[in-house]
Ligand code: SF4
């Protein structure tokens, strides 16, 4: 069976061959354009994760297993009663980049078109919403202007805030192949010397959150050496008045904390290689200045004409398998549907298309705001689908207080006992990978089918079905779907509805696809490989916009919290390990959570290699095994995100990050939280950080 990997935004094609009821052999799909047969360790070992260990197999009300009718009636009646008493903005939906596009579409339609609230947001807010905001500011629409084949044709690849070798390994394999074949130069910009940085021609270990200074400096350097693309600027780009005069002149080396020769080496490499792809990820996005960082990168590509041609462009790569599909249907609180905003015209258009009784008046609460509103008692009913915010939200303790305070919590998941499910009054059993059917969109705008090859276990049902059943029970028409193909056709039609070329996202050519065509759908890319090569940007005047951005240092360190805490992924684990934690092979790579510290920091704080240490921030603390490494900057700490209360007695990183967030995107600054560290001496000298199966 041809399907796609459920882990990251590379979106690799997978060939799954069932070998028994709950087992399958897994291979890379040689015909899928995202991976041409390659897989990383996580994709390769998918077959070890498809058993029924820990599965939620029946709807639950409290601790009691019930039938679907009773559970759905309960959800519909409680949502309806809450709305009747407190209004539509008293309810919320918290979605996930793990959901299929069809699930996302139905959830967004219910919330924005029928309940009439913008309060649907997603864990993708925590992942790449700064890139979305940067795209909309620069291009007028959330369009990634690059494709993977740009990496094959580039002469210079710049990786910013991305440990690609671990987090997007198949992209990394492609970069390595290009370097071998063509001698492509590689610059890595990352405070840590990661496995990716180890392979670079140049690694700039900049101080956290100084990217804007670095890229503004490069822009000035290119202007000062007459290397801007005057024609492209004149014809395709709108430069705000005073942009160049106001661009701050800063001492880049000093601001970024790196050697002046390294800054110049980077600028020279950029000047010498016009075919440049700048690929950026969570180190850019998960920042209190993430949107400005994205625009600083895009400004540089616009001013030098390195966009809209093969081998050149700014390229945001997403963390989750379907963050892009969620963005397309409107799964973020800050967009309406099908890349539309909230103008009266767009709201009217969406309402006409859905034939809905109402339409939300404007944007809803973004993820952190949603949980803060819940903690204050403003959100009185929430439906959480395929995500674990009790661990993954910044200041997870706040999220737990919010969930405990919320009078009605529904959790849809395939796992029975997640940290979030503890707070649920109703749990709905979802289909897992290998059982569900639908589509996902990867980081290069390629839509692929995810196909089930195993029977649904127990009472598990598709998420779209559960949402549609609740909608019908609330008295809403327009939710009679026979299957995911029906939903895909409707979504495709919405993208073309009254579009007239105003938005690049237009799938209306697929709106008449029949069920057989949907079943056999081959991966396809909307917008083409280089979408702005032959067509205007999606702004009112057709020009892209340079955005004036300046470096704004984060200055919330205190005497008690003088260090900087960075968070990220390990190569073989995924999110909160509800799936990868089931694989014995994947668990071999890093068996416990480490805090990585520079040798001088270790010495200053009395830490020893292999000892234990407690990392503390304003929000909480947790214990880790110490790894002393010069790969860390002095005074920076790095910890992994995967371990949770349910899986470990230490390494509970979710408790630590601050809720400070980017003012444009609402994305939290996970990678730069003031922190401190102290040696930890357990009373029981045999203390081990253990991991149990979820
Ligand atoms: Fe799956 Fe991402 Fe690995 Fe591809 S690179 S196999 S999509 S985890």
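Read-outs throughout are calculated quantities, based only on the coordinates presented, and are distinct from any laboratory measurement. From a predicted model like this one, the values you see are computed outputs, not experimental measurements. A quick note on method: Cβ atoms are made from the backbone with ideal geometry, for glycine too, and the neighbour counts reach across all protein chains shown.
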- Can you tell me which of 226-234, 628-636, 390-398 comes out highest on packing, and rank the rest after it, using the mean Cβ neighbours within 10 Å? 390-398, 628-636, 226-234
- Sticking with the crude label model, points 7 Å out along Cα→Cβ, report the distance from residue 358 to residue 226 in nm, one decimal please. 6.3 nm
- Note on the structure: The alpha-carbon center of the range 402-462 and that of the range 139-163 are separated, in whole Å, by 31 Å
- Label-point gap, in nm, between residue 65 and residue 1 - each point 7 angstrom along Cα→Cβ: 2.3 nm
- Go ahead and run the numbers for FRET between residue 600 and residue 245, Cβ-Cβ distance against an R0 of 35 Å, rounding to 0.05. 0.25
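Length gain on complete extension for the stretch residue 404 to residue 512, per 0.36 nm per residue less the alpha carbon to alpha carbon distance?
34.4 nm
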- Message: Run the helix sum for the chain: -39,500 (n - 2.57) per DSSP H stretch of 4+ residues, divided by residue count, reported at 222 nm to the nearest 500 deg cm²/dmol.
- Response: -8000 deg cm²/dmol
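Given a Förster radius of 45 Å and the C-beta distance between residue 585 and residue 558 as r, what FRET efficiency does 1/(1 + (r/R0)^6) yield to the nearest 0.05?
The formula returns an efficiency of 0.60 here.
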- Message: Suppose we keep just the alpha-carbon trace of the chain; what are its Rg and Dmax in angstrom?
- Response: 24.1, 71
- Item | D (Stokes-Einstein, µm²/s), Kirkwood Cα radius, the range 372-459, 1.306 mPa s at 10 °C | 109 µm²/s
- Task: State, to one decimal in nm, how far the label point of residue 631 lies from the label point of residue 199, with both points 7 Å from Cα in the Cβ direction.
- Result: 1.3 nm
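Stretched out fully, how many nm does the piece from residue 498 to residue 422 gain, at 0.36 nm a residue minus the Cα gap? Don't jump to the answer; show the numbers that get you there.
Details: separation 76, 0.36 × 76 = 27.36 nm, distance 4.44 nm.
Gain on stretching residue 498 to residue 422: 22.9 nm.
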- Task: Provide the percentage of antiparallel DSSP beta bridges, counting only those with both residues in the chain; round to the nearest 5.
- Result: 45 percent
- Per the Kirkwood definition applied to all pairs of different Cα atoms, how many angstroms is the hydrodynamic radius of the range 563-679? 14.5 Å
- Item | Span from the the range 492-552 Cα centroid across to the the range 258-283 one, whole angstrom | 30 Å
- Message: Sort 241, 221 by Cβ crowding within 10 Å, fewest neighbours at the top.
- Response: 241, 221
- Item | Linear extension gain, residue 344 paired with residue 608, 0.36 nm per residue minus alpha-carbon span | 89.0 nm
- Could you state the number of Å between the C-alpha centres of the range 663-678 and the range 218-238? 33 Å
- Query: Restricting to the range 563-679, what percent of DSSP beta bridges are antiparallel, rounded to 5?
  - Reply: 65 percent
- Most to least packed among 362-368, 101-107 [average Cβ atoms within 10 Å]: 101-107, 362-368
- Task: Return 136, 447, 297, 345 ranked ascending by Cβ neighbour count within 10 Å, so the fewest neighbours appear first.
- Result: 345, 136, 447, 297
- Task: Provide Rg and Dmax in Å for the range 439-523, with only Cα atoms included in the calculation.
- Result: 14.8, 46
